[in-house]
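**Q** One structure, as structure tokens, below. Some questions next.
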Amino acid sequence: MGEPGESRRGPLKSAVPSNVVSPVRRCSRTACGRPAVATLTYVYADSTAVLGPLATYAEPHCYDLCAEHSERLTAPRGWEVVRLALDSGPARPSGDDLEALANAVREAARPQERAAGSPAPGDRDSRPMGGGRRGHLRVLRSPDS
């Protein structure tokens, strides 16, 4: 056929030029190109529209709205609108969040307690100074302490 990346019709091209795709999510309202700041979800079973902070991922059953459209949002007659507090910036995990996550992973990886209380053959020493290992996480002490 010829060079790789070529077809009978010529070189292969991307269907969408890369400069057209934007990493910023846009408002779902027709003809609105403003950046999205909130996500709207409908809970049909409860006749409720929930407007909250911008979801982490775009989902097909949710609608991203800009600040103007989220402020002007109205729901159909008989429906309730629940407005959750919008974040002023992206949420960052705190030290407590990371520590809680590490503890949960350690707990999940901990082997079941043995009835006799003796370590199983091949178990590693889990003393803090030894840098004991449980699962795939390892806790190391600072050389200063």
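**Q** Every residue in region 59-85 that is surrounded by 14 or more Cβ atoms within 10 Å (Cβ to Cβ) and in a loop (DSSP other than H, G, I, E, B), please.
**A** Answer for region 59-85, where residues must be surrounded by 14 or more Cβ atoms within 10 Å (Cβ to Cβ) and in a loop (DSSP other than H, G, I, E, B): Cys66, Leu73, Ala75, Trp79.
**Q** Name the residue, out of Arg29, Arg8, that is touching a helix residue (DSSP H, G or I) at 6+ places or on another chain (Cβ under 6 Å), at pLDDT 55 or above and open to solvent by 70 Å² or more (accessible area, probe 1.4 Å).
**A** Just one listed residue meets the conditions, Arg29.
**Q** I've got another one for you. Before we move on, is Pro53 more than 24 Å from the chain's Cα centre (by Cα) and open to solvent by less than 70 Å² (accessible area, probe 1.4 Å)?
**A** Numbers: more than 24 Å from the chain's Cα centre (by Cα): no; open to solvent by less than 70 Å² (accessible area, probe 1.4 Å): yes.
No: the conditions fail for Pro53.
**Q** Just a yes or no: is a residue in region 98-110 loosely packed, with under 10 Cβ neighbours inside 10 Å, closer than 30 Å to Thr39 by Cα and either at pLDDT 70 or above or in contact with a strand residue (DSSP E or B) (Cβ under 9 Å, 6 or more places away or on another chain) (or both)? Show your work before the answer.
**A** Filtering region 98-110 for residues loosely packed, with under 10 Cβ neighbours inside 10 Å gives 108.
When the remaining residues are screened for being closer than 30 Å to Thr39 by Cα, the result is none.
So far as region 98-110 goes, no, none of its residues is loosely packed, with under 10 Cβ neighbours inside 10 Å, closer than 30 Å to Thr39 by Cα and either at pLDDT 70 or above or in contact with a strand residue (DSSP E or B) (Cβ under 9 Å, 6 or more places away or on another chain) (or both).
**Q** Checking the condition of a type outside the set (Ser, Thr, Tyr) and at pLDDT below 90, which residue from Val37, Val81, Val21 passes? Can you show your working first?
**A** Details: Val37 fails: at pLDDT below 90; Val81 fails: at pLDDT below 90.
Going through Val37, Val81, Val21 in turn, the sole match is Val21.
The values are calculated or read from the model by the stated rules, or taken from the named source; none is laboratory data. Keep in mind that this is a model prediction, so the values were computed, not measured. With ideal geometry, Cβ positions are generated from the backbone for all residues, glycine too; neighbour counts draw on all protein chains shown. All accessible areas refer to the heavy atoms of the entire protein, side chains included, with ligands and DNA or RNA removed. Shrake-Rupley method; radii C 1.70, N 1.55, O 1.52, S 1.80 Å.
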